[in-house]
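Shown next, in structure tokens, is the structure this report addresses.
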Amino acid sequence: MKQCQWIFNALVGVSFSLLCQLSMGQANYPLVRGAFGDLPQPNNIQRVVSAGPVSDTLLVSLVPNKLLGFSTHGLSTEVKKYFPATVQNLPNTGRVAGRDSTFPLEKIVALKPDIIVDVGATSATYISTAERINKLTGIPYIVVSGLLNETPEQLRTLGDLLGASERGKLLADYAEKILSTAERAHRNQTSKNQAPIKVYFGGGIDGLQTGLAGSIQTEAIDFVGAYNVASEAGKGFSARVSMEQLMKWKPDVIITQDENFYQRLMKDPVWQRIPAVKNGKVYLAPSKPFGWISHPPSINRLLGVIWLTRVLYPEAMSYEEYSQGIRGYYELFYGYELTAHELANFSKGLE
Amino acid sequence: MASHRDSRLFKLLLPPIVLLLLCVIACCVGQYGISLSELAHSITQYFFSTADKTDIDTVLWDIRIPRIGAAILVGAALSMAGATYQGMFRNPLVSPDVLGVTAGAGLGAVMAIYFDLSFFLVQVMAFGFALLVVFIVYLVAKLARHHDPILSLVLSGVAIGALFGSAIALVKILADPYGQLATMVFWMLGALNMVNREDLLMSTPIILLCMVPLILLRWRMNILSLDDKEALSLGVNVNRTRIVFILSATLMTATAVSITGVIGWIGLVVPHMARLWIGPDFRKLLPMSLFIGAVFLVLTDTIARTCFPIELPLGIITAFVGVPFFLSLLIRGGVRK
């Protein structure tokens with residue numbers, strides 16, 4: 001009986017300390033939505049496992065030397081060339097986050113990471129998997145919220161927690177600059193009393209897959225103050241829509257990231273009836289090394305914010321300012337110097 | 001006696017009439033509102049005027065009518081194929097995917113999506129893989145000489161279908177969850193919103209061509225559903241007839257699936273609806289399946305594109321509409337032998 005009491009006390013004690021730690025973590029860093037296990041001292045962290053494509057994108061810029069691999073499957077050499085040399089040879093480890101994990105737990109343990117980091121959606125699915133994986137492997141696991149407007153804070157938070165405060169600050173400042181420039185540009189537009197520009201984001205192979213109002217797929221478009229026409233079909237998730245709806249919505253601008261759809265749209269006579277296509281306002285967003293608008297929805301969308309600002313408000317952002325922003329991002333976040341040719345390729349129709 | 005014949009005539013004529021009415025209604029409704037007068041204007045405009053196209057014309061002639069046309073074509077093809085397979089395999093639980101057509105088409109399509117190929121190539125891959133799987137199934141069944149030919153066809157179809165199904169799951173796991181996966185899932189449930197005029201122009205001749213032997217030889221199906229020996233004694237070359245039926249039904253299904261994705265349920269259930277409606281005589285059953293299938297898909301697709309602000313996969317709606325209707329037919333009885 002006494003023994004039971006002892007176990008009970010120990011359990012209460014452990015869960016209490018866990019709770020303290022969690023609430024402490026959350027008090028200091030509001031973006032940390034879940035922290036499981038004893039987080040190591042930031043300076044002792046040398047080996048980091050990324051839980052999903054969103055955290056891949058962030059960590060490759062923030063702690064390239066501590067990252068153990070990519071969870072994103074099959075990054076081509078064409079994509080990897082933008083990364084620092086050490087990162088290019090990293091293996092593909094598999095996804096940890098969510099229910100569709102492809103990362104064998106034993107392999108995680110064998111890699112001996114100091115911490116697992118997940119960024120992005122923080123629903124109960126992700127939090128509960130994090131907790132479960134921490135219990136199974138004993139490796140500390142944190143989940144950080146991944147909204148676009150929180151990008152600077154994400155970089156700062158993870159910089160502090162992973163022992164890269166300085167770099168975190170540096171990147172966060174740049175992110176802040178991008179976001180505030182974009183905000184200024186679209187505020188200019190609204191102060192001129194112009195209605196927001198109607199934008200359609202065409203995803204998927206036929207362009208009929210889109211993000212409804214406030215969905216993670218179209219956050220960048222919402223952020224720059226454009227009106228996402230698919231808002232009329234609902235909000236919150238991504239969905240399929242039909243050509244008829246597009247005829248009704250009459251978007252002024254069409255944005256896509258899908259090369260195949262872009263080609264199809266240029267040829268298909270029905271698409272030619274949409275005002276955006278008629279007026280040549282169709283733009284193919286770059287997708288290397290990661291999609292600029294979405295796919296994955298991570299800090300790569302900062303590039304999309306610069307790009308969209310130039311696409312939608314050319315008078316508020318000169319091409320000079322735009323290309324500086326893009327070049328600066330590649331230099332700072334990937335350590336890569338864009339050639340004039342690459343930049344021109346990214347910026348078709350923007351000059 | 002006359003009244004009996006009248007009621008038979010009524011039963012034969014009702015589905016085509018309903019189809020016609022449904023098509024008119026389907027032309028009028030949709031996300032883009034078109035009034036009846038605008039509809040009439042657009043139709044006269046189309047035939048008698050060379051004026052520039054308006055948005056209404058585009059919606060009607062380039063988006064809505066091809067979609068309705070595809071619904072008729074695909075609904076008819078899948079139900080006819082289903083009726084053929086059910087008759088041939090003497091099994092009421094058989095649907096057009098029994099020989100692995102849809103599993104093959106599915107794998108072809110998800111692989112094309114995975115490798116970021118163009119929309120056209122997705123269709124080509126779906127079509128090619130669908131035929132490939134049926135060919136493999138047929139070969140395996142040929143090799144299994146010691147079993148009943150029908151049984152070995154069905155068994156190897158189920159097994160190879162399962163294999164390809166797992167391969168589809170594997171590709172889905174590896175796909176980019178933010179883009180490709182949604183496209184794949186949607187494709188596997190079927191939809192008509194990506195069908196355009198060119199697709200229809202390409203697939204209609206193939207499907208119509210496949211329908212010809214089925215319709216001309218449909219009387220033989222009644223004989224095929226007898227024992228092989230009995231059929232032989234009636235002077236029908238069982239093997240050759242069976243190959244013609246399998247080939248036509250398969251090619252038809254593969255074509256339909258490659259432009260719309262996998263629309264489940266129709267091929268399984270519409271033949272039963274037709275049987276409950278008109279009886280088991282294949283000479284009437286096959287044309288009835290054709291019309292009821294077309295009615296069913298035009299109806300469900302019209303629901304899909306008018307009742308919801310977003311596009312829902314047809315596979316979901318066909319089940320939600322079809323199951324209650326089918327069960328009510330089942331409970332209320334129908335034609336007794």
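The values are calculated or read from the model by the stated rules, or taken from the named source; none is laboratory data. Fair warning: this is a prediction, and the values are worked out from it, not measured in the lab. When we count neighbours, we look across all protein chains shown, and the Cβ atoms used for this are built from the backbone with ideal geometry, even at glycine. Accessible surface areas use protein heavy atoms only, side chains included; no ligands, DNA or RNA. Shrake-Rupley method; radii C 1.70, N 1.55, O 1.52, S 1.80 Å.
Please report, in debye to the nearest 20, how large the charge dipole of segment B:223-302 is about its Cα centre when each Lys and Arg carries +1 at its beta carbon and each Asp and Glu carries -1 there.
Numbers: 6 positive and 5 negative charges, 24 e Å.
It works out to roughly 120 debye.
With a 1.4 Å probe and all protein chains left in place, how much of the accessible area of the protein assembly as shown comes from carbon and sulfur atoms, in whole percent?
C and S atoms contribute 64 percent here.
Put simply, chains A and B cover up around 3000 Å² of each other's accessible surface, both sides summed, when a 1.4 Å probe is used. For chain A, give me the percentage of DSSP beta bridges that are antiparallel, rounded to the nearest 5 percent. Looking only at bridges with both residues in chain A, the antiparallel portion is about 30 percent.
Applying 1/(1 + (r/R0)^6) with R0 = 45 Å to the Cβ-Cβ distance of B:SER225 and B:GLU198 gives a FRET efficiency near 0.70.
Relative to one another, the C-alpha centroids of segment B:129-149 and segment B:222-267 are positioned 14 Å apart. For segment A:197-213, the Karplus equation 6.51 cos²θ - 1.76 cosθ + 1.60, evaluated at θ = phi - 60°, returns couplings of 6, 8, 10, 10, 9, x, x, x, 5, 10, x, 9, 9, 9, x, 6, 3 Hz by residue, with Gly and Pro reported as x. Only the Cβ atoms of Lys and Arg (+1) and of Asp and Glu (-1) were treated as charged; on that basis the dipole of segment B:18-320 about its Cα centre amounts to roughly 980 debye. Residues of segment A:25-59 that lose at least 20 Å² of accessible area (1.4 Å probe, protein heavy atoms only) when the other protein chains are present, relative to their chain alone, are A:PRO53. A:GLY168 sits among other residues whose Cβ lies under 13 Å from its own Cβ, and their net charge, with Lys and Arg +1 and Asp and Glu -1, is -1. For segment A:214-241, accessible area lost to neighbouring protein chains reaches 20 Å² or more, against the chain alone with a 1.4 Å probe, at A:ALA233, A:ARG240.
Which residues of segment A:259-304 show a drop of at least 50 Å² in accessible area when all protein chains are present, compared with their chain alone (probe radius 1.4 Å, heavy atoms only, ligands and nucleic acids excluded)? Flagged in segment A:259-304: A:ASN260, A:ARG264, A:VAL270, A:ARG273, A:HIS295. Amide hydrogen proximity for A:VAL119: with H placed 1.01 Å from N in the peptide plane, the residues at 5 or more positions away or on another chain lying under 5 Å are A:ALA51, A:GLY52, A:SER55, A:VAL144. Put the Cα centre of segment A:162-230 next to the Cα centre of segment B:268-329 and the gap is 44 Å. Under 5 Å from the amide H of A:SER238 lie the amide H atoms of A:LEU212, each residue being 5 or more positions distant or on a separate chain, with H modelled from the backbone and absent for Pro and chain starts. The overall shape of chain A, judged from the alpha-carbon gyration tensor, is prolate: a/c is not under 1.5, and a/b is greater than b/c. Within chain B, the selection of entire DSSP H helices by a Cα span of 30 Å or greater along the long axis and an average Kyte-Doolittle value of at least -1.0 returns B:2-28, B:65-89, B:119-143, B:149-174, B:238-260, B:282-306.
A crude spin-label estimate for the pair A:LYS278 and B:PHE10, with each label 7 Å from Cα along the Cβ direction, gives 5.2 nm. For A:ALA226, no residue whose modelled amide H falls within less than 5 Å of its own remains once neighbours fewer than 5 places apart on the same chain are excluded.
At full extension, B:LEU20 and B:VAL212 could sit 66.9 nm farther apart than now, given 0.36 nm per residue minus the alpha carbon distance. In this view, the solvent-accessible surface of B:HIS147, computed with a 1.4 Å probe and all protein chains in place, comes to about 110 Å².
Got a sec? Which residues in segment A:77-98 would a label at A:GLN46 touch, if it sits 7 Å along Cα→Cβ and we count backbone N under 18 Å? What the label zone holds, given the 18 Å backbone N cut-off, is A:86-87. Rounded to the nearest 500, the 222 nm mean residue ellipticity of chain A from helices alone is -13500 deg cm²/dmol, with -39,500 (n - 2.57) taken per DSSP H run of at least 4 residues. If you find the alpha carbon centre of segment A:325-351 and of segment A:86-149, how far apart are they in angstrom? So the separation of the two Cα centres works out to 31 Å.
If you take the square roots of the eigenvalues of the alpha-carbon gyration tensor of segment B:4-61 and sort them as a ≥ b ≥ c, do you get rounded (a/c under 1.5), prolate (a/b over b/c) or oblate?
Numbers: a/c = 4.48, a/b = 2.58, b/c = 1.73.
Judged from the Cα gyration tensor, segment B:4-61 comes out prolate (a/c at least 1.5, a/b above b/c).
Taking only protein heavy atoms and a 1.4 Å probe, what accessible area per residue, in Å², does chain B have with all protein chains in place?
46
Distance between the pseudo-spin-label points of A:GLN263 and A:ASP173 (7 Å out from Cα toward the beta carbon): 4.4 nm. Going by the alpha-carbon gyration tensor, a ≥ b ≥ c the square roots of its eigenvalues, is segment B:29-167 rounded (a/c under 1.5) or, if a/c is not under 1.5, prolate (a/b greater than b/c) versus oblate? It is prolate, given that a/c is not under 1.5 and a/b is the larger ratio.
For chain A, leaving out every one of the trypsin sites (Lys or Arg not before Pro) that falls in a DSSP loop and has at most 11 other Cβ atoms within 10 Å, the longest unbroken run is A:193-347. Residues B:ILE316, A:ILE142, ordered by accessible area of protein heavy atoms at a 1.4 angstrom probe radius and largest first, appear as B:ILE316, A:ILE142. Estimated from the Cβ-Cβ distance and a Förster radius of 25 angstrom, the FRET efficiency linking A:LEU136 and A:ASN89 is about 0.30. Long hydrophobic helices in chain A, taken as whole DSSP H segments with a C-alpha length of 30 Å or more on their own axis and mean Kyte-Doolittle hydropathy at least 0.0: A:2-28.
Projecting the Cα positions of A:PRO84, A:GLY207, B:ALA319 onto the charge dipole of the protein assembly as shown (unit charges on Cβ atoms of Lys, Arg, Asp and Glu, taken about the Cα centre) puts B:ALA319 furthest along the positive direction.
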